[in-house]
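Peer 1: Submitted below is the structure of interest, expressed as structure tokens.
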């Protein structure tokens, strides 16, 4: 009887701690969105979420209650849900509305910038998983691509948080400076929009830069960025394939088809399916808006969890070399996107 009471009491204690964990996670997510709503546009919610999660991490660790409070922080689950829902923002019909030019620019930029960043990261001896996450972020669409890459290669949360911070910190000055430079150069709205969409790493900052330049620039910038987003699934598959067949082959021997399937990030299939459905008109505008809101909350919860799980010592170990690689890759991307957008949209 005494043992039964003890087990029951322990279960109720676990339930109470789980409820407390859910309430803490919800409170941090709500605070994140309140802060993001009252801060500069390019200081997006992932940064606020990670910071608040990190603060909660420090307090809970100091009180020695972090293991009990962490049960609701399902970071990986929230990331995957958010990426699947991201597919609703990739409308293939809209991408094709700018013709082959937008698709060509997206492919050329993604491949070139990815390979350049990979080479430079290797020259500066960055960890390969950090290099892969950074390559995806700077070549495709910042945070979302970094998440997909991290899931494909089982990167550490510290890598994702580090790259996310770099993406968001560089987005604000680029959102402001690029429209000003475009005006000085006398770019047409289509040329400027293609430059913004091919270069700035966050969708919000792309739209912001386009809005500064004009409505026509917003449309082209959004579609070019959407074309890059559409390549997330391809990138995630190729990264998973490369990692299993090249980087991990010495550990597991020659990988079988089953190993490849087990390691393939299944959420990418969900992303592709939702994208196809959105392109086929399966969702109304109101439903797309609701899906976007759900995606926002899923990513908010995920980045709160990243902050909660972070170990600050890992950041000190990573050092400043990734910053040098990221900034150099951003400059390379800026110049290449400028030339590609001029050839395809400025003539």
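Peer 1: Report the label-to-label distance for residue 55 and residue 324 in nanometres (one decimal), using points 7 Å from each Cα along the Cα→Cβ vector.
Peer 2: 3.4 nm
Peer 1: Also: So what's the back-of-envelope 222 nm ellipticity for the chain, counting only DSSP H runs of four-plus at -39500 (n - 2.57) apiece and dividing by all residues, rounded to 500?
Peer 2: One gets -26000 deg cm²/dmol as the mean residue ellipticity at 222 nm.
Peer 1: Can you tell me the 0 to 90 degree angle between the C-alpha axis of helix 157-184 and the longest principal axis of the chain, rounded to 10?
Peer 2: Here the helix axis deviates by roughly 30 degrees.
Peer 1: Across bins of 10 angstrom width beginning at 0, how are the C-alpha pair distances of segment 146-226 distributed, in whole percent?
Peer 2: Spelled out bin by bin, segment 146-226 gives 21, 43, 23, 12, 1 percent.
Peer 1: Still on this structure, please answer the following. Between residue 287 and residue 33, what FRET efficiency follows from the Cβ-Cβ distance if R0 is 22 Å, with the result rounded to 0.05? Before the final figure, lay out the partial values.
Peer 2: Numbers: r = 21 Å, r/R0 = 0.96.
The pair residue 287/residue 33 has a calculated efficiency of 0.55.
Peer 1: Mind checking the full-extension length gain between residue 19 and residue 343? Use 0.36 nm per residue of separation minus the Cα-Cα distance, one decimal, nm. It would help to have the intermediate numbers written out before the result.
Peer 2: Values: separation 324, 0.36 × 324 = 116.64 nm, distance 5.67 nm.
Once the chain is fully extended between residue 19 and residue 343, it gains 111.0 nm.
Peer 1: Now for a different question. Please give the helix 321-345 orientation as an angle from the longest Cα principal axis of the chain, in degrees from 0 to 90, rounded to the nearest 10.
Peer 2: The angle comes out near 40 degrees.
Peer 1: Still on this structure: Counting residues in segment 199-239 as N, plug N into 2.2 N^0.38 Å and put the Cα Rg over that result. Display every interim value, and only then the final one.
Peer 2: Details: Rg = 11.8 Å, N = 41, 2.2 N^0.38 = 9.0 Å.
Computed over Cα atoms of segment 199-239, the ratio equals 1.30.
Peer 1: Give the Rg/Rh ratio for the chain, taking Rg as the radius of gyration of the Cα atoms and Rh as the Kirkwood radius, to two decimals. Present the calculation step by step, with values, prior to reporting the outcome.
Peer 2: Numbers: Rg = 21.2 Å, Rh = 21.1 Å.
When Rh is taken as the Kirkwood radius, the ratio is 1.01.
Peer 1: Follow-up question, since we're still on this one. Select from 331, 218, 207 the residue whose mean-square fluctuation is largest in a Gaussian network model of the chain (Cα-Cα springs shorter than 10 Å).
Peer 2: Of 331, 218, 207, the Gaussian network model singles out 331 as fluctuating most.
Peer 1: If I take the Cα coordinates of segment 33-76 and project them onto the principal axes, what are the three extents in Å, biggest first?
Peer 2: Result, largest extent first: 36, 23, 12 Å.
Peer 1: Go ahead and run the numbers for FRET between residue 280 and residue 76, Cβ-Cβ distance against an R0 of 35 Å, rounding to 0.05. It would help to have the intermediate numbers written out before the result.
Peer 2: Values: r = 29 Å, r/R0 = 0.84.
Efficiency at R0 = 35 Å is approximately 0.75.
Peer 1: With springs only between Cα atoms under 10 Å, which of 146, 132, 324 fluctuates most in a Gaussian network model of the chain?
Peer 2: 324
Peer 1: Kindly provide log₁₀ I(q)/I(0) values, in the same order as q = 0.12, 0.19, 0.21 Å⁻¹, from the Debye equation applied to equal alpha-carbon scatterers of segment 62-133.
Peer 2: For segment 62-133 at q = 0.12, 0.19, 0.21 Å⁻¹, log10 I(q)/I(0) is -0.67, -0.96, -0.99.
Peer 1: Could you work out Rg/(2.2 N^0.38 Å) for segment 42-166, with Rg from alpha carbons only? Let's see the in-between values first.
Peer 2: Numbers: Rg = 17.3 Å, N = 125, 2.2 N^0.38 = 13.8 Å.
Here the Cα radius of gyration is 1.26 times the empirical estimate.
Peer 1: How high is the FRET efficiency from residue 177 to residue 215, r the C-beta distance, R0 22 Å, rounded to 0.05?
Peer 2: Values: r = 21 Å, r/R0 = 0.93.
The value I calculate is 0.60.
Peer 1: Also, I was wondering about something else. Would you look at the GNM of the chain, springs on alpha carbons closer than 10 Å, and say which of 27, 171, 221 moves the most?
Peer 2: Looking only at 27, 171, 221, the largest GNM fluctuation is found for 27.
Bear in mind these aren't lab numbers, they're just calculated from the coordinates by the rules spelled out. All figures in this text were calculated on a predicted structure; none of them were measured in a lab. Please note: Cβ atoms are built from the backbone with ideal geometry, for glycine as well, and neighbour counts cover all protein chains shown.
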